[in-house]
Amino acid sequence: MSDRRIEPARDAKGGVTVEAALVMPVFLMVFILLIAVIRLAMTQMALQDAAAQIARLTAAHIHPVQLAVRSAAGHPAAEADGAGAGDRTGQSGNPFGPSGDRSPQPGFPELAAELAGHLPEPAGPLLEAALRGDWEEAADIASAPIGEAVFGPLIRELAAESALDPGRIRITRLRLPDLSGGGEAYFRIRLTYDVPLGLPFTRSHVTLSADAEERAWIADPVPARIHPEGEDGPGGIVILSIEPSPLRPGRKARLTALGAPNAKLNLTVWYKSGKSQAKHLGEKMTDEHGLVTWEWHVSGNTTPGTWELEVTSEDGARAHRYFVVRKAGGEES
């Protein structure tokens, strides 16, 4: 049998080169697209972190701004920390007085300049804007002068610490809390950022956005009462002690409460299974000093955990207490 030489066909020359020329651009495009996706993810995280930091810093430094604005508007300094704010600011919640006048008052620029120099950013610029009357708590003021004047320097500072370009960051939403304490107490901000894709044959970009909100530290419009109705105070109930702590299944429990003298009080205990049916719970009379004591047996089948009891009176006063039930072998907290 004679040997036969097999020669490649004339059209097969350069086949590998053609395949490489076809596959390589596709591979490069996929690689570049993967890089773009990673860049977008990193930029989104940096933008969200910047928005969250701005919200936290602003919310944490609102309280001194509120106090200064109320004092400058003629409110007593002692009252500026909460009491009667609703009456002092009028029905509209305007911290600048019942007349609703947001024009600068005499001496405000000097006061703002003096205080702003001692407050951390952005509290200083916020105070100046508030005293100038630029505070608009009820509207989206992203395009207002306060947006760039107050938050522009802070945004550039935060952007310098990350991979963000400060020139591409825009504030598209900005809502300030109500300094009177009667309205919204939240600071909200939305930042947008234009990211060029960097893909071949295109100059398109992707716009990323990040929202953040934080509850501002401002005083309540009405101070909390020291002795709320139905709790301790005149005609109220005080749970003095519950022993032992924690309670043990199969042992005795003892509760001492204080109420009105010679009044009828009722003790109710709830476990996992529901309302306790133990003896010696229920109604008892207080003595001439208002003291009353219940002593009952905690069932050996009581489930360990944190449970609740309540002491009530005929006039509607009540007091709650949570207590812990733990087996004898457990460690006390």
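Quick notes on this one:
- Candidates Leu131, Leu158 - the one that is in the same structural domain as His61 (by TED's automatic domain parsing) and either modelled with pLDDT under 80 or touching an Asp or Glu at 6+ places or on another chain (Cβ under 7 Å) (or both): Leu131
- Leu57 vs. criteria at pLDDT below 85 and under 26 Å from Asp165 (Cβ atoms): yes
- Scan of the stretch 280-315 for residues that are in a loop (DSSP other than H, G, I, E, B) and either under 15 Å from Leu258 (Cα atoms) or of a type in the set (Phe, Trp, Tyr) (or both), ordered by number: Thr286, Asp287, Glu288, His289, Gly290, Glu314, Asp315
- The stretch 190-230, subset under 16 Å from Ile35 (Cβ atoms) and small (Gly, Ala, Ser), residue modelled with the highest pLDDT: Ser204
- Selection within the stretch 277-303 - closer than 16 Å to Gly250 by Cα, modelled with pLDDT of 85 or more and of a type in the set (Val, Ile, Thr): Val298
- Residues of the stretch 165-180 classified as in a loop (DSSP other than H, G, I, E, B), over 20 Å from Arg56 (Cβ atoms) and not charged (D, E, K, R), total: 1
- With respect to the conditions (1) modelled with pLDDT of 80 or more; (2) surrounded by 15 or more Cβ atoms within 10 Å (Cβ to Cβ), Gly167 falls short on a single one, namely (2).
The values are calculated or read from the model by the stated rules, or taken from the named source; none is laboratory data. Just so you know, these numbers come straight off a predicted model, no measurement behind them. Reconstructed Cβ throughout: ideal geometry from the backbone, glycine too, with neighbour counts over all protein chains shown.
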